[in-house]
C-alpha cells in the first residue's frame with residue numbers, strides 16, 4: 001500500500017513532528033511505500049529528498065496539494081497527522097484519506113466536523129476526544145482509538161546521572177524543580193500554571209523551589225495563537241530569579257529525544273494542566289519516573305497514572321464557542337505537593353507501565369498497523385470482498 | 001472471466017450496499033475485483049487516471065460501473081472516463097432521467113450494455129439509449145432473526161404494532177409524510193430507522209427530528225446492517241412514502257422478511273407485491289387493514305422472493321458479461 005503521509009516535517013520542534021519521527025521509519029520498515037508531504041519545515045530548503053526511506057515532497061502550499069500529490073504519486077490513501085483546521089476543503093477532494101487528529105476542545109466544532117466528514121476514518125488519540133466527537137455527531141463507526149506512544153529513550157536514569165542532568169540544566173541549589181513543557185500559546189494558560197507553582201512555593205516557604213519553563217519566553221506567533229511575554233509575567237509573580245528557560249537556539253531547533261528524557265529526569269514534577277488532545281509530555285515524563293499534574297479536562301486524566309489532576313477553575317472559549325479548561329492554581333499547588341510525596345517505588349512502577357503500554361513499537365503494532373491493515377482490506381480489489 | 005466492478009463500496013449509500021452484496025454473490029460465477037470509487041467531490045482528471053490505473057492493474061475482461069449521477073459528477077468527465085476504457089464495459093444506472101448523460105452511451109464504443117433495475121427505468125432510458133438491459137434488483141440474503149428475537153434485542157414490546165420507515169431521513173424519502181401517517185394512527189409503535197448521508201444534518205432532518213419527538217416516534221439514527229435487519233424483522237408494517245424512487249433496497253429486505261410493505265404509488269414499485277397508495281390517507285387506511293392485505297399478498301411475496309434471489313440476479317450478470325465479451 002502506498003501512503004501519502006501529511007504532517008509536520010520530522011526535524012521540527014512540534015508534537016506532530018515527534019510522532020512522525022516514530023511513525024515514518026516504522027512504516028517504511030514495514031514495507032509501506034511512503035511519500036512525505038510536509039506541512040512545514042522545508043522553507044529553508046537544503047534538506048534531503050528522502051527521510052527514513054520516504055520520499056520527501058515539496059512543502060504543502062494548499063489543501064489541493066494533497067490531491068495533486070496523491071494522484072501524481074499514485075497513492076492508495078493519505079494519512080494526515082495534523083489538526084483538521086489546516087485542511088479546509090479536503091472534504092471536497094476525491095482522495096481516500098484518514099485524519100490522525102487530536103480533539104483538544106469541546107464540543108466538537110462545526111468546522112472540525114465539516115472538514116473531516118469525508119475521511120474514511122478519524123484516528124483520535126484519546127477516549128475523551130472520541131466521546132467529544134461522538135457527542136458532536138461523528139458516527140462511531142468512523143472513529144478509531146489510536147494513541148500516541150513514547151520512545152524507548154524515555155526511562156529513569158541512575159541517581160548519579162540525574163545529578164549531572166540537574167547541573168546541566170542549572171537546577172543545582174534547588175530542593176525541588178517544577179517543570180512545564182508547553183508551547184507559549186494562549187491555549188496553554190502558562191500564567192495560570194505558573195501561578196500554581198507560586199502558590200506551592202508560598203505554601204512551602206522552607207523549600208527552595210526552582211521553575212523550568214521549556215518554552216519560548218516570547219510568543220512565537222502572537223497574532224495567530226496568542227501567548228505571553230513570560231519574563232514580564234514572571235516578574236509580576238516574583239519568580240524570575242528562580243526560573244530557567246532552555247537555550248533559545250536549542251529550543252528553536254528542538255531538543256533531541258534523549259535531551260528531553262534527561263530533562264524529565266532532572267525535574268521533580270511536571271505540570272501539564274491544560275486541555276490536551278493527547279499530551280506527549282505527560283507520558284514521556286511518567287516514563288522517566290517523574291510525576292505529572294494534569295487538569296480534569298481533555299486527555300490528561302486518561303494518561304496520568306498518578307491521578308493528579310487539578311480542578312477546572314473555569315473554561316475559556318474559542319472564537320467559535322468551543323471551550324478549554326482554565327486550571328485552578330490552588331488545586332495545581334495541592335497536586336504538586338501530592339506528587340512530591342509519591343514514593344519512588346510507585347514512580348518506578350508507573351514508569352514501567354507507561355514504557356510497556358505506550359512503547360511506540362506496541363502502539364504501532366496494536367493500533368497503527370491494525371488500522372492500516374483495515375484500510376488495505378477496504379481498498380484492495382480482492383480483500384475488500386471479505387469486508388463489503 | 002475477470003470483472004472489475006467500480007462502486008463506492010463501504011460508503012453509507014444504497015449503491016455501495018447493493019454493489020457489496022452483488023460482488024460477493026458474483027464471485028461464485030466470475031473472478032470479480034471490487035474497485036473502490038471515491039464518491040465525494042468532483043471527478044478530477046487526475047482522479048480518473050488514478051482510477052483507470054487501478055482498473056487496469058487487475059486486467060479485467062469486463063468493467064462494470066455502478067453509476068448514480070451524484071457519485072460520478074460532472075457527467076462530462078464521467079463520459080470522458082468511459083471513453084478512456086478499452087475493455088467491454090457495463091454500466092448500471094441506479095437512477096435515470098438526465099438526457100444529456102443518458103444519451104451519451106450510444107456514442108461510447110466501450111459501453112456494451114446499460115443495466116437498469118426495473119422496467120420503469122428501462123422505459124425512460126430507452127428513449128435516449130439503445131443499449132438498455134433490465135436486470136432486476138435482488139432480494140438480499142438476510143440474517144435469520146425472528147420478530148420476537150429482534151424485538152427483544154431492540155427493546156420493543158412484543159405486543160406492540162410496529163410501523164416503521166427505513167432509509168435516510170430525506171425529503172425524497174418522504175419521512176415527513178411518514179410522520180403525517182403515524183400521527184393519524186392510534187395504538188401503533190412508530191419507528192424511523194435512519195440517519196443522514198454525512199455527519200451533518202439538514203434543516204429538513206432537524207424538522208423531522210423535532211416533530212418525531214413531539215409525536216413520540218422512535219428515531220434510531222444511522223444503524224449498522226445488523227440493526228437495520230433487526231428493525232425490519234421487528235416491524236409489522238413497513239411504510240415507504242417515497243416521493244422519488246428508482247428502486248428500493250428496503251422494499252426488498254422487507255419482502256425477504258415477508259413483511260407487508262406500504263408504499264407511495266411510484267412506477268418502479270409496480271412490479272412488486274406491495275400496497276401502493278396515492279396519499280397519506282390511503283396509507284393510514286392500508287395500515288388499518290394490514291392483516292387482510294397481508295393475507296392477500298403473502299403468496300405473491302413468496303414467489304417474488306424466489307424469482308429475485310441474489311444468486312439468480314448474480315447469474316444474470318454473469319451471463320451478460322459473457323455476452324458482452326463475445
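The values are calculated or read from the model by the stated rules, or taken from the named source; none is laboratory data. Because the structure is a prediction, the values reported are computed rather than measured. Please note: Cβ atoms are built from the backbone with ideal geometry, for glycine as well, and neighbour counts cover all protein chains shown.
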Item to check | Any chance residue B:65 is under 20 Å from residue B:1 (Cβ atoms) and within 22 Å of the chain's Cα centre (by Cα) | outcome: yes
Residues of segment B:1-25 being assigned to a helix (DSSP H, G or I), touching a strand residue (DSSP E or B) at 6+ places or on another chain (Cβ under 6 Å) and buried (at least 24 other Cβ atoms within 10 Å of the Cβ), in sequence order, are B:19, B:23
(1) assigned to a loop (DSSP other than H, G, I, E, B); (2) modelled with pLDDT of 90 or more; (3) under 19 Å from the mean Cα position of the chain (by Cα) all hold for residue A:12 apart from (2)
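With respect to residue B:227, is the statement that it is touching a helix residue (DSSP H, G or I) at 6+ places or on another chain (Cβ under 8 Å), crowded, with 23+ Cβ neighbours inside 10 Å and either under 19 Å from residue B:11 (Cβ atoms) or within 14 Å of another protein chain (Cβ to nearest Cβ) (or both) true? Walk me through it before giving the result.
Numbers: touching a helix residue (DSSP H, G or I) at 6+ places or on another chain (Cβ under 8 Å): yes; crowded, with 23+ Cβ neighbours inside 10 Å: no; either under 19 Å from residue B:11 (Cβ atoms) or within 14 Å of another protein chain (Cβ to nearest Cβ) (or both): yes.
No: the conditions fail for residue B:227.
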Looking at segment B:194-205, is at least one residue away from every other protein chain (no Cβ under 14 Å) and free of Cβ contacts under 8 Å to residues at least 40 places away in the same chain?
-> yes
Within segment A:223-270, the residues that are under 15 Å from residue A:182 (Cβ atoms) and assigned to a loop (DSSP other than H, G, I, E, B) are A:226, A:227, A:228, A:245, A:246, A:254, A:255, A:267
Q) Out of all the residues in segment B:136-147, is one or more more than 14 Å from chain A (Cβ to nearest Cβ), over 19 Å from residue B:258 (Cα atoms) and without any contact (Cβ under 8 Å) to a residue 40 or more places away in the chain? A) no
When (1) within 14 Å of another protein chain (Cβ to nearest Cβ); (2) in contact (Cβ under 8 Å) with a residue 60 or more places away in the chain are applied to residue A:367, the one that fails is (1)
Result of the Cβ filter at 6 Å on segment B:15-40, keeping first residues that are more than 9 Å from every other protein chain (Cβ to nearest Cβ) and under 13 Å from residue B:63 (Cα atoms) and partners that are modelled with pLDDT of 95 or more and surrounded by 21 or more Cβ atoms within 10 Å (Cβ to Cβ), at least 6 apart or interchain, is B:30/B:3
### Task
Would you be able to say whether some residue in segment A:47-70 is in contact (Cβ under 8 Å) with a residue 24 or more places away in the chain, within 11 Å of chain B (Cβ to nearest Cβ) and under 24 Å from the mean Cα position of the chain (by Cα)?
no
Counting only residues in segment B:135-159 that are in contact with a strand residue (DSSP E or B) (Cβ under 9 Å, 6 or more places away or on another chain) and exposed (fewer than 15 other Cβ atoms within 10 Å of the Cβ), the one farthest from residue B:268 (Cα to Cα) is identified as B:157
Given the conditions (1) touching a helix residue (DSSP H, G or I) at 6+ places or on another chain (Cβ under 6 Å); (2) closer than 30 Å to residue B:315 by Cα; (3) more than 14 Å from chain A (Cβ to nearest Cβ), every one holds for residue B:158 apart from (2)
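Can you list the helices (runs of 4 or more DSSP H) lying wholly within segment A:333-388 that have 1 or more residues being surrounded by 19 or more Cβ atoms within 10 Å (Cβ to Cβ) and within 20 Å of the chain's Cα centre (by Cα)? Walk me through it before giving the result.
Values: elements: A:344-357, A:360-363, A:369-379.
Per the criteria, A:344-357, A:360-363.
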Across (1) part of a strand (DSSP E or B); (2) surrounded by fewer than 20 Cβ atoms within 10 Å (Cβ to Cβ), residue B:114 clears everything bar (2)
Matching residues in segment B:43-89 (more than 14 Å from every other protein chain (Cβ to nearest Cβ) and in a helix (DSSP H, G or I)) number 8
